[in-house]
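See below for the structure under consideration.
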Amino acid sequence: MRTHGFTSAGAFLSAFLLFAPDLSSAFYLPGVAPTSYRAGDKVPLQVNHLTPSQSARDAQVRSVFSFDYYHQAFHFCKPDGGPKYISESLGSILFGDRIQTSPFELHMARNETCKAACGEQVFETRDAKFVNRRIWQDYDINWLIDGLPAGQLQLDPNSNTQFYSPGFALGRVDDEQPILHNHYDILIDYHEAGRDQYRVVGILVVPSSLRDSRSLGEGKAECGDQSAPLILSEKEETKVTYTYSVYWRPSATSFATRWDKYLHVYDPKIHWFSLINSAVIVVFLIGMVSTILLRSLRKDIARYNRLDQLGLDDFGGGGDEDSVQEDSGWKLVHGDVFRPPKNPLLLSVLLGNGAQLFMMTGFTIAFALLGFLSPSNRGSLGTVMILLYTLFGFIGGHVSARVYKAFHGDAWKQNFAYTPIAIPGLVFAVFFLLNLFVWARGSSGAVPFTTMLVVVAIWFLISVPLSVAGSWLGFRAAAPTAPVRTNQIPRQIPPARGYLRPLPSMLLVGVLPFGAIFVELYFVLNSIWFSRVYYMFGFLFLCYGLMICTAACVTVLIVYFLLCAENYHWQWRSFCTAGASAAYVFAYCLLYWVRALRFGSWTAGVLYLGYSALISGLFFVLSGTIGFFASWLFVTKIYSSIKID
Ligand SMILES: *[C@@H]1O[C@H](CO)[C@@H](O)[C@H](O)[C@H]1NC(C)=O
């Protein structure tokens, strides 16, 4: 009952949010059921991996690898009996979360100062070097209490508002000297929901470095003072005591709105401005293109049908030929326009996979918009994406088979087999190779072998059979009928000139769908590489819609020009011209690298390029599919509206 109410409220509010930018701070997220504690109850603190963050010095990110919290070089305190993994969703694991138990003892609403997390730790020089390097790279520690990340208080200079950014610094650099934080002031906001019912609604950690802290045994400690920071020597052993204090602060924030402080929109005004800007341009463009297209098409069709009439009226031999001579433009290629393209198998496989991606992305964004995938359900975004992709294998197989049938293909076995295997296999192979790099660096971001096996099993046991079933149904269905007959002998194609040549047309057309998404792409990249929470699905939904419209519209336009130039090879052309926006996405990723990232190692660069190429490749298939189907619809429509004897 309760969750249902949450969800519809979320849906309503996200719809509302699209029209009320100022309310974005009050964005409400349905989440997991609240946990209440009584005063003095033990509140578990869980630890996640360490992640690179944006440097405070120059706003750059210097690494892409994450490290396990209990990586031996950090010497962080372990709980009695060793740390245990907390069970997580598949999406959460694939996206890098490694959540484990910790030795920190927190008791609801009980302030405690200067406790030792464990006894004294000794850093060898090798470990000191490793940790100092991580401090240079601005690594953040990620803790979770009651599903809520421990953050640092930050001020947004644009709007002068304070917000919590998840993660807090492992150390800091003072005068070119890395300093390790070994004391944590944990400030927890709690909300009293009822009598003796307390809920965690916010966590801040203020880390500091105290060289002279000493452990007194049994969790007691004597904390040093701030003036003497702890520096890990790279020449001799350093002794370190990890200490913490806990302060509970009563708060008016309710459990339902506790994520608001974390989900900070960096300058929503700029965001809205650029979005509306691109939307206006795109809508204007689409309007212009479709009016011009409709007008000239109507003229063409009227002319063709009039000529047809004339040709029929003076039924004599010569008149007919004259009127045919007068024919020009796209009608001339009516006997070839439905001729199957070269490599029909490859195109049908790509289109099947594109349809699968299209459904997956559309449904994921819609679910997210309805509030099902809130950040409080860790990893739900990834899990839902994988699940939907698997299930839509059916659509992929079906579309691939139907298209192949329309192309008069006869290598059916290959079509059945390649559709579920070619592209997912390629993606998996690239993912596996990149994962080897991550693994070789000793990073915790490497996906465990068992998870890999699970992914492969899901793919083979669910996705492949569904795809084959879809293909079978598509194979049995009647072929889509073309409105005009195809001639025996292919027509000569005059050489293409100007912007109708393949490369210029791709570059020209590709830039427009990219224009619709590039604002949002920046935020998506931020959330991937800066591990920021992404939740602006309202924006994403609008951008996705705009992208689809633009891709469809400009591809139809280029196909129209192509047919007017008597070139009937529109199938591959429409796929590639719409897909060309992927080249811009890749170029944008490179630009982003130059602007926001500064990697210290070549492996990080390889990883970044690999993932960028993977994302761009999938985007190519997705947008190409949109372009192809829009063009197919268009071609079928225009050729069925003229009379051909
Ligand atoms: C704990 O410390 C905080 C911050 O100093 C203070 O606001 C709060 O009242 C204290 N709580 C208790 C239960 O003493």
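The values are calculated or read from the model by the stated rules, or taken from the named source; none is laboratory data. A quick note: this is a predicted structure, and the numbers were derived from the prediction, not measured. Neighbour counts run over all protein chains shown; Cβ positions are idealised from the backbone, glycine included.
For (1) more than 16 Å from the ligand (Cβ to nearest atom); (2) in contact (Cβ under 8 Å) with a residue 60 or more places away in the chain; (3) in contact with a strand residue (DSSP E or B) (Cβ under 8 Å, 6 or more places away or on another chain), each residue gets a yes or a no:
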{"site": "Phe168", "(1), (2), (3)": "yes, no, yes"}
{"site": "Val173", "(1), (2), (3)": "yes, yes, yes"}
{"site": "Leu180", "(1), (2), (3)": "yes, yes, yes"}
{"site": "Ile186", "(1), (2), (3)": "no, yes, yes"}
{"site": "His191", "(1), (2), (3)": "no, yes, yes"}
{"site": "Gly194", "(1), (2), (3)": "yes, yes, no"}
{"site": "Tyr198", "(1), (2), (3)": "no, yes, yes"}
{"site": "Gly202", "(1), (2), (3)": "no, no, yes"}
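Per-residue answers, yes or no, for (1) within 29 Å of Met385 (Cβ to Cβ); (2) away from the ligand (no atom under 16 Å from the Cβ); (3) among the hydrophobic types (A, V, I, L, M, F, W, C):
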{"site": "Gln46", "(1), (2), (3)": "yes, yes, no"}
{"site": "Ser55", "(1), (2), (3)": "no, yes, no"}
{"site": "Ser66", "(1), (2), (3)": "yes, yes, no"}
{"site": "Phe130", "(1), (2), (3)": "no, yes, yes"}
{"site": "Ile135", "(1), (2), (3)": "no, yes, yes"}
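Of the conditions (1) away from the ligand (no atom under 16 Å from the Cβ); (2) among the basic types (Lys, Arg); (3) at pLDDT 85 or above, Lys269 fails just one. Which one is it?
Lys269 satisfies every listed condition except (3).
Could you tell me how many of the residues in region 392-415 are more than 14 Å from Phe358 (Cβ to Cβ) and of a type in the set (A, V, I, L, M)?
3
Is it the case that region 85-103 has a residue that's in contact (Cβ under 8 Å) with a residue 24 or more places away in the chain and on the phi > 0 side of the Ramachandran plot?
Yes, region 85-103 has at least one match.
Hey, Gly119 hits all of (1) away from the ligand (no atom under 16 Å from the Cβ); (2) buried (at least 19 other Cβ atoms within 10 Å of the Cβ); (3) closer than 20 Å to Lys239 by Cβ but one; which does it fall short on?
In the conditions (1) away from the ligand (no atom under 16 Å from the Cβ); (2) buried (at least 19 other Cβ atoms within 10 Å of the Cβ); (3) closer than 20 Å to Lys239 by Cβ, Gly119 misses (2) alone.
Looking at Leu609, Leu590, Leu597, which is the one that is at pLDDT below 90 and either buried (at least 21 other Cβ atoms within 10 Å of the Cβ) or assigned by TED's automatic domain parsing to the domain that holds Gly515 (or both)?
Answer to the check: Leu597.
Filter region 204-253 for residues that are under 36 Å from the mean Cα position of the chain (by Cα) and outside any strand (DSSP E or B); which is nearest to the ligand (Cβ to nearest atom)?
Only one residue tops the list, namely Ser251.
Quick grid of which residues meet (1) in contact (Cβ under 8 Å) with a residue 24 or more places away in the chain; (2) surrounded by fewer than 16 Cβ atoms within 10 Å (Cβ to Cβ):
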{"residue": "Thr419", "(1), (2)": "yes, no"}
{"residue": "Val438", "(1), (2)": "yes, no"}
{"residue": "Thr481", "(1), (2)": "no, yes"}
{"residue": "Thr486", "(1), (2)": "yes, yes"}
{"residue": "Ile489", "(1), (2)": "no, yes"}
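Tell me, yes or no, whether region 31-41 has at least one residue that is within 16 Å of the ligand (Cβ to nearest atom), touching a residue at least 40 places away in the same chain (Cβ under 8 Å) and hydrophobic (A, V, I, L, M, F, W, C).
Yes: one or more hits.
I'd like to know if region 82-94 contains one or more residues that are in contact with a Leu (Cβ under 9 Å, 6 or more places away or on another chain), buried (at least 18 other Cβ atoms within 10 Å of the Cβ) and within 24 Å of Phe428 (Cβ to Cβ).
Within region 82-94, one or more residues are in contact with a Leu (Cβ under 9 Å, 6 or more places away or on another chain), buried (at least 18 other Cβ atoms within 10 Å of the Cβ) and within 24 Å of Phe428 (Cβ to Cβ).
Name every residue in region 527-560 that is in contact (Cβ under 8 Å) with a residue 24 or more places away in the chain and polar (S, T, N, Q), in order of residue number.
Ser531, Thr550, Thr555
Only one of (1) in the same structural domain as Ile626 (by TED's automatic domain parsing); (2) over 27 Å from Arg378 (Cα atoms); (3) surrounded by fewer than 18 Cβ atoms within 10 Å (Cβ to Cβ) is not met by Gly515, so which one is it?
Among (1) in the same structural domain as Ile626 (by TED's automatic domain parsing); (2) over 27 Å from Arg378 (Cα atoms); (3) surrounded by fewer than 18 Cβ atoms within 10 Å (Cβ to Cβ), the lone unmet condition for Gly515 is (3).
Among (1) closer than 20 Å to Ala56 by Cβ; (2) buried (at least 21 other Cβ atoms within 10 Å of the Cβ), there is one condition Val200 misses while meeting the rest; what is its number?
Failed condition: (1).
Considering only residues that are crowded, with 17+ Cβ neighbours inside 10 Å and of a type in the set (Ser, Thr, Tyr), look in region 272-306 and name the one that is nearest to the ligand (Cβ to nearest atom).
This residue is Ser278.
Return a yes/no flag: does region 476-490 have any residue that is part of a helix (DSSP H, G or I) and either under 26 Å from the mean Cα position of the chain (by Cα) or aromatic (Phe, Trp, Tyr) (or both).
No, every residue in region 476-490 fails to be part of a helix (DSSP H, G or I) and either under 26 Å from the mean Cα position of the chain (by Cα) or aromatic (Phe, Trp, Tyr) (or both).
Quick one: in region 95-116, of everything that is out of contact with any Gly (no Cβ under 8 Å at 6 or more places or on another chain) and assigned to a loop (DSSP other than H, G, I, E, B), which residue is nearest to the ligand (Cβ to nearest atom)?
Per the stated criteria, the residue is Asn111.
Which members of region 570-587 meet the condition of being surrounded by fewer than 23 Cβ atoms within 10 Å (Cβ to Cβ) and aromatic (Phe, Trp, Tyr)?
Correct list: Trp572, Tyr584, Phe586.
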